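**Student:** I'd like to ask some things about the structure below.
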Amino acid sequence: MQRSIPADLILGGATAAYQIEGAAAEGGRTPSIWDAFSRVPGAVIDGHTGDVACDHYHRMPQDVALMRELGLQSYRFSTSWSRVCPDGGPVNPEGVDFYSRLVDELLEAGIMPWLTLHHWDMPQSLEEAGGWPARDTAHRFVDYALAMHEALGDRVVNWTTLNEPWCSSFLSYTAGAHAPGRQSVADGLAAGHHLLLAHGMAVRALRDAGAERLGITLNMTVADPVDPSSVADVDAARRIDEQYNRFFLDPIFRGHYRDSLLADVGHLGLDAVVQDGDLATISAPLDVLGVNYYHGDAVSAVPPTQAPLQDAPTDRPIASPFPAAECVYIHARDLPTTVMGWEVQPEGLTRLLRMVHEEYTGPAGTELWMTENGAAYDDVVAEDGRVHDAERTEFLRAHVGAVVDAIEQGVPVRGYFYWSLMDNYEWAWGYHKRFGIVRVDYDTQERTVKDSGLELARMIRERTL
Ligand code: BGC
């Protein structure tokens, strides 16, 4: 039986500045931490950089035309801090102008702009001044946020402060898998706290400046104990859940770090950076929570028999992003996987949305949006010139279905953005992993709508699964 997609569920696509724009040294842009990190030998597979990426900076009008063709209702993009405020300093009008033109094109096409201020590409000069472990970076972020709002606040309604602060703290400063590649437990914790602080300060400043709808996007996992009757496995799942999800959810929605988390990691550097008043700032009321979900994890205190999945392809040794969780192991389950090695687990998404709604966003009266969900597969261009990406198409249908399940169970999810609108620079994996519903041929920059893109367009038109 065909299921219907609620008429008011907004369907769209998402990208991020460093992953698609290119034009890394044009229009006054200065290097970001990803320009620097991608040049560290072994940090990114084959030394790929975002110098050209999808050349979106030069092809923006055509890309918006493509979104219009697909019928996207909304487009989630990020602005590049080092394009708007080169070296983290004063505003660069040419940088702002690019986003101003993008927003005009979107509005002209009837597509709602959804703007994210920080999708990981902090100016390299700010990293050299201490990066996210330094408190001052939060103040610089507020300057940048206000500059963007001054330029676009008359046309952009939806403002997201940060994308996935777990990645820009623990994956970047503790594991060293992402830029800037530091490996320090204390730096990761300080970065996490200062990202939260930057979020809270920006929410306050943007609200004062008249911003209408403010939010943050968090990546979350569903941690299931391998053996639910094992106290040690249940505790392993707790640690992953707390260090991945609750580290951010609790301060934002409840104004505190929970005691069990503090007992695990407080003494490792977190206590040292939390100042009086920070948590009140961080818990400023929020209009929107964006959820990014890719997969859950089966976790145990006992090592798996097969080799663990590797979350980055790098030649450099990567540390665990989870402080005080040395005895936690991720186990593969009997589920299909994408080429990232990530399990395809749509039912985990329904459970996650229920948990977030029941424990956090529902009581706070905050809207819930799916700001990312997607899959990488090894696409092939068929003889007919098309990309028949059946697995991604099925992934998309299954996950929109999981969102509809959540809605039917009483969770008011407002929107779903597929990651990604187009194939792009997949961070430490360079151009080797393709998440797009539009294929990008990196030699010619030609765009081809894949079957999954046609399916998303159909869903938007027909509102059925
Ligand atoms: C990020 C994207 C990334 C995607 C797939 C998310 O964590 O926000 O930038 O490309 O996952 O790895």
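Since every read-out is calculated from the coordinates, none of them should be taken as a lab result. Remember, it's a predicted structure, so these values are computed and weren't measured experimentally. As a convention, Cβ positions derive from the backbone with ideal geometry for all residues, glycine included, and neighbour counts pool all protein chains shown.
**Student:** Order 422-428, 391-397 from most to least packed using the mean count of other Cβ atoms within 10 Å. Please list the in-between numbers first.
**Tutor:** Values: 422-428: 24.9, 391-397: 20.4.
In descending order of packing, they fall as 422-428, 391-397.
**Student:** Cα atoms only, the chain: Rg and Dmax in Å?
**Tutor:** 20.6, 63
**Student:** Follow-up question, since we're still on this one. Regarding segment 294-398, what are the three Cα extents along the principal axes, ordered largest first, in Å?
**Tutor:** 51, 42, 27
**Student:** Kindly put His267, His149 in sequence by how many other C-beta atoms sit within 10 Å of each C-beta, fewest to most.
**Tutor:** On the way: His267 11, His149 20.
Ordered from fewest to most neighbouring Cβ atoms within 10 Å, His267, His149 come out as His267, His149.
**Student:** Same structure again: When Thr161, Thr371, Thr221 are ordered from fewest to most other Cβ atoms inside 10 Å of their Cβ, what list results?
**Tutor:** The fewest-first ordering by Cβ neighbours comes to Thr221, Thr161, Thr371.
**Student:** Classify segment 74-116 as rounded, prolate or oblate from the Cα gyration tensor: take a ≥ b ≥ c as the square roots of its eigenvalues, call it rounded if a/c is under 1.5, otherwise prolate when a/b beats b/c and oblate if not. Please list the in-between numbers first.
**Tutor:** Working: a/c = 4.66, a/b = 2.06, b/c = 2.26.
It is oblate, given that a/c is not under 1.5 and a/b is not larger than b/c.
**Student:** Could you list the trypsin sites (Lys or Arg not before Pro) in segment 90-163 that lie in coil according to DSSP, counting only those with at most 13 other Cβ atoms within 10 Å of their Cβ?
**Tutor:** Details: sites: Arg101, Arg135, Arg140, Arg155; in loops: Arg135, Arg155.
Listed in order of number, the matching sites are Arg155.
**Student:** Residue by residue through segment 30-42, which ³J(HN,Hα) values in whole Hz follow from phi under the Karplus form 6.51 cos²θ - 1.76 cosθ + 1.60 (θ = phi - 60°), with glycine and proline marked x?
**Tutor:** 10, x, 9, 5, 6, 5, 6, 5, 5, 9, 6, x, x
**Student:** So, one more: For the chain, which DSSP H helices look membrane-span-like by this rule: Cα extent along the axis of 30 Å or more and mean Kyte-Doolittle of at least -1.0?
**Tutor:** What comes out of the filter, once short or polar helices are dropped, is 185-208.
**Student:** Report, please, the projected area of segment 234-335 averaged over directions, based on the convex hull of its C-alpha atoms, in nm².
**Tutor:** Details: hull surface 34.5 nm².
Quarter of the Cα hull surface area: 8.6 nm².
**Student:** Using only helices, what value at 222 nm comes out for the chain when you add -39,500 (n - 2.57) per DSSP H run of length 4 or more and divide by the total residues, to the nearest 500 deg cm²/dmol?
**Tutor:** -10500 deg cm²/dmol
**Student:** What does DSSP give for segment 318-465 in terms of the percent of beta bridges that are antiparallel, rounded to the nearest 5?
**Tutor:** 55 percent
**Student:** Please state the shape class of segment 380-465: rounded when a/c is under 1.5, otherwise prolate if a/b exceeds b/c and oblate if not, all from the C-alpha gyration tensor. Working shown, then result.
**Tutor:** On the way: a/c = 2.66, a/b = 1.74, b/c = 1.53.
Note, shape of segment 380-465 comes out prolate.
**Student:** What list do you get for Asp35, Asp97, Asp443, Asp259 if you sort them by fewest beta carbons within 10 Å?
**Tutor:** So the residues, fewest neighbours to most, are Asp443, Asp259, Asp97, Asp35.
**Student:** Find the Rg to Rh ratio for segment 72-178, where Rh is the Kirkwood radius over alpha-carbon pairs and Rg uses the same atoms.
**Tutor:** A ratio of 0.99.
**Student:** Answer rounded, prolate or oblate for segment 320-371, using the Cα gyration tensor with square roots of eigenvalues a ≥ b ≥ c: rounded when a/c is under 1.5, else prolate when a/b is larger than b/c, else oblate. Walk me through the numbers before you get to the answer.
**Tutor:** Details: a/c = 2.63, a/b = 1.48, b/c = 1.78.
In terms of gyration-tensor shape, oblate.
**Student:** What number comes out for the charge environment of Gly71, summing +1 per Lys or Arg and -1 per Asp or Glu over other residues with Cβ under 13 Å away?
**Tutor:** +1
**Student:** Please list 352-358, 77-83, 458-464 highest first by mean number of surrounding beta-carbon atoms within 10 Å per residue.
**Tutor:** Ranking, from highest mean packing down: 77-83, 352-358, 458-464.
**Student:** Pull up the DSSP beta bridges for the chain and report the antiparallel fraction as a percent, rounded to 5.
**Tutor:** 20 percent
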